[in-house]
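Chemist: Here it is, the structure in full.
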Amino acid sequence: MSDDIRKQYPPDGNPRETFEGNRFEDARMQRVHDQLMRERPEPSENFAPLPLALTVLVMFLCVWAGLYLAKYTFEFDPFHYNEDRAANAVADEGPKEVDMMALGKRTFSQNCVACHQQDGQGQPGVYPPLAGSEWVQGNPKRLIAIVLHGLAGEVHVNGETYNNAMTPFGRLRDQQIAAVLTYVRSTPDFGNESDPVTEDMVAEVRDETSDQSEQWSQDQLDELYPIDG
Ligand code: HEC
C-alpha cells in the first residue's frame, strides 16, 4: 500500500491518511516554502494613503486654527489684553485703545514694586513712599525726569530724609512711563488724586533731558523741575 501511494503522489485523495503520505506532504511543504523564501515579493514604493478620517480631521484643525487666530489675536497687539479693562467696553471702540491705569499698574508691578512696594509705602529710611508723596502729587515733569534718568544722593520726601539711589528707567516707552505715572498719581490704592500724565509730556521731557547722563540729585531737580513748578 505504501508503495502505491508513493508512486501516485501527489494523490487526489488525502495523503494524511498514511504515515508515508505525511512524509511526502512535509517534503512538498518544505519545497514550497523554500521557493517562497527565495522569491520574496518586490518591495512596494507606493505611499500608504492616509486614512480619510485623519485627513478630514487635519483639515478641520487647520481651518479651526485659522479662524481662531483671525478672531482672537487682534493683530498680535501686546496691549490689547488688559485684565482691568472694563468688561462692558463698547466692542467697536477699536482694539488700539489702551487703558492707561491697567497698563500703569502692570508697569508698576514689573518695574517699581520691588522698592516702592505694592501699597506705595516704600520702606522706612530706604525707599521713599509714593503714596501721599508731595513729589508724586507735584510737578509731573519732575517725576518723568526721575523715571527717565533715576535719582541719587540725599533727598527729602514728606519730611523724611533718604540717601539711596534709584536706577533709571529710560528704556521704558513713553506710553509706559506716562501710564505708570498716571497710575501712581491717581490710584486709590495709594490714595493719590492727581492729574494723568500724557505720552506727549514724557516725549517732551525725554527731549529736554537728553543730555543728562547721570542720576539726578535733588538740587538739580529743584532747579529744573521744582515740585510746585
Ligand atoms: C531699585 C529700587 C527702586 C526702583 C525699582 C524704583 N525706585 Fe523710585 N526711588 C528709589 C529710591 C531709593 C528713591 C530715592 C532716591 C534717593 O534716595 O536719592 C526713589 C525715588 C522715587 C521718586 C521720588 C520720591 C518719592 O518717593 O516721591 C519717585 C516719584 C519714584 N521713585 C518713582 C518710581 C517709579 C515710578 C518706579 C518704577 C518705574 C520706581 N520709582 C522704581 C528706589 C527705586
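Chemist: Being within 13 Å of the ligand (Cβ to nearest atom) and in contact with a Leu (Cβ under 9 Å, 6 or more places away or on another chain) is the filter here; which residues of segment 206-217 pass it?
Modeler: GLN215, TRP216, SER217
Chemist: Among residues belonging to segment 148-163 that are open to solvent by less than 50 Å² (accessible area, probe 1.4 Å), within 9 Å of the ligand (Cβ to nearest atom) and in contact with a Pro (Cβ under 8 Å, 6 or more places away or on another chain), point out the one that is nearest to CYS112 (Cα to Cα).
Modeler: In this case the residue turns out to be GLY150.
Chemist: Here are some residues: MET166, MET201. Which one is over 26 Å from ASP99 (Cα atoms), assigned by TED's automatic domain parsing to the domain that holds SER109, open to solvent by 10 Å² or more (accessible area, probe 1.4 Å) and among the aliphatic types (A, V, I, L, M)?
Modeler: The conditions single out MET166.
Chemist: Among the candidates PHE60, PHE47, which residue alone is more than 16 Å from the ligand (Cβ to nearest atom), at pLDDT below 95, farther than 27 Å from ASP207 by Cβ and open to solvent by 90 Å² or more (accessible area, probe 1.4 Å)?
Modeler: Matching residue, one of PHE60, PHE47: PHE47.
Chemist: Say whether the condition of being among the charged types (D, E, K, R) and in contact with a strand residue (DSSP E or B) (Cβ under 8 Å, 6 or more places away or on another chain) is met by at least one residue in segment 124-147.
Modeler: Checking segment 124-147: at least one residue is among the charged types (D, E, K, R) and in contact with a strand residue (DSSP E or B) (Cβ under 8 Å, 6 or more places away or on another chain).
Chemist: Only one residue in PRO140, PRO128, PRO124 is assigned by TED's automatic domain parsing to the domain that holds SER194, open to solvent by less than 50 Å² (accessible area, probe 1.4 Å) and either free of Cβ contacts under 8 Å to residues at least 40 places away in the same chain or small (Gly, Ala, Ser) (or both). Which one?
Modeler: PRO128
Chemist: Residues of segment 114-147 being hydrophobic (A, V, I, L, M, F, W, C) and near the ligand (Cβ under 6 Å from one of its atoms), which ones?
Modeler: Result: ALA114, CYS115, LEU130, TRP135, VAL136, LEU143, ILE146, VAL147.
Chemist: Considering only segment 206-219, how many residues are in a helix (DSSP H, G or I) and closer than 14 Å to ILE144 by Cβ?
Modeler: Going through segment 206-219 one residue at a time, the tally reaches 3.
Chemist: Scan segment 182-193 and give yes if some residue there is assigned to a helix (DSSP H, G or I), out of contact with any strand residue (DSSP E or B) (no Cβ under 9 Å at 6 or more places or on another chain), surrounded by fewer than 16 Cβ atoms within 10 Å (Cβ to Cβ) and charged (D, E, K, R), otherwise no.
Modeler: Scanning segment 182-193, I find no residue that is assigned to a helix (DSSP H, G or I), out of contact with any strand residue (DSSP E or B) (no Cβ under 9 Å at 6 or more places or on another chain), surrounded by fewer than 16 Cβ atoms within 10 Å (Cβ to Cβ) and charged (D, E, K, R), so the answer is no.
Chemist: Let me ask something else. Collect the residues in segment 173-229 that are over 24 Å from GLN110 (Cβ atoms) and either of a type in the set (S, T, N, Q) or touching a Pro at 6+ places or on another chain (Cβ under 8 Å) (or both), keeping them in residue-number order.
Modeler: Those that are over 24 Å from GLN110 (Cβ atoms) and either of a type in the set (S, T, N, Q) or touching a Pro at 6+ places or on another chain (Cβ under 8 Å) (or both): SER210, SER213, SER217, GLN218, GLN220.
The values are calculated or read from the model by the stated rules, or taken from the named source; none is laboratory data. Everything numeric here is computed off the predicted structure, so don't read it as measured data. Here Cβ is always computed from backbone atoms with ideal geometry, including for glycine, and neighbour counts include all displayed protein chains. Note: areas computed on protein heavy atoms with side chains; ligands, DNA, RNA excluded. Shrake-Rupley method; radii C 1.70, N 1.55, O 1.52, S 1.80 Å.
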